[in-house]
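Have a look at the structure below before the remarks.
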Amino acid sequence: MKAIHLTLTSAISSIAILTQMASADDFTMKDGKLMAIEDGESIEVMQGVTLQDGTEITRGGDVTSADGRTWKLQEGDKLMEDGTFRARIFMNGVLKENGNVLIVRAGEKLELSKETTLTDGTRVMTDGSVIPKDGEKWSLKDNDAILIDGRPLLEGSVIIKDSKPHLVKECMGEPLDEKTKLGDTEIHPDLTVDFKGDGDETALKEGDIVKPDGTILRADRTKK
């Protein structure tokens, strides 16, 4: 009877875990493990999962989308319950999230408890105020961030990661497969950009940012 009881208990636990995963808000890779996240709580996924749109994820993080594309989730990447993919694009700097100002080091978040100075001399206050070394004071809004090199990573910007343009949403990146216009700057999936429709072109490189107003912030600031 004891063995039967243990088997039944295990079965009930498994059903509870599967039920929790089925209602998860999203899935992410953390420390090499696939985790289901619901209401801020996470639980390790012990078997494959199929999302609402038919996207499949294995326990090891291998993804097969509903249209047959395949890739592997990297540390910090996310898949939403509707199959939307968001890549981790932010590792070091300061962000504002749910009203809290956080310092991020190697992807780990902690409350910003005192003023911090970034590598370019920009100062960030605990209330989210940003004081550039040269320029006007401004403030972080929810889901805005500033990289360790002082470049703002604002909601609605585009950043180049793994040689692909990503639209910034909640400090994550959604890959862009179609041309996108920010201000007077038109960004193409092949990383070329057109300015103001006048035919002038340049190429974006890894780490470059295009702000919502179309301004390009180079990862290598010696480039124009």
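The values are calculated or read from the model by the stated rules, or taken from the named source; none is laboratory data. Small disclaimer: the values here were computed from a predicted structure and weren't measured. Glycine also receives a Cβ, built like all others from the backbone with ideal geometry; neighbour counts cover every protein chain displayed. With ligands, DNA and RNA removed, areas are computed over all heavy atoms of the protein, side chains included. Shrake-Rupley method; radii C 1.70, N 1.55, O 1.52, S 1.80 Å.
Considering (1) modelled with pLDDT of 95 or more; (2) open to solvent by 20 Å² or more (accessible area, probe 1.4 Å); (3) in a loop (DSSP other than H, G, I, E, B), the lone condition that GLY150 does not fulfil carries the number (2). Strands (runs of 3 or more DSSP E) fully within the range 20-117 that include at least 2 residues being open to solvent by 40 Å² or more (accessible area, probe 1.4 Å) and more than 25 Å from VAL210 (Cβ to Cβ): 33-38, 41-44, 62-64, 70-72, 100-105, 108-111. Within the range 123-130, is even one residue modelled with pLDDT under 95, at positive phi, among the small types (Gly, Ala, Ser) and open to solvent by less than 30 Å² (accessible area, probe 1.4 Å)? There is no residue in the range 123-130 that is modelled with pLDDT under 95, at positive phi, among the small types (Gly, Ala, Ser) and open to solvent by less than 30 Å² (accessible area, probe 1.4 Å). Just one residue in the set VAL130, VAL193 is closer than 27 Å to LYS114 by Cα and part of a strand (DSSP E or B); that residue is VAL130.
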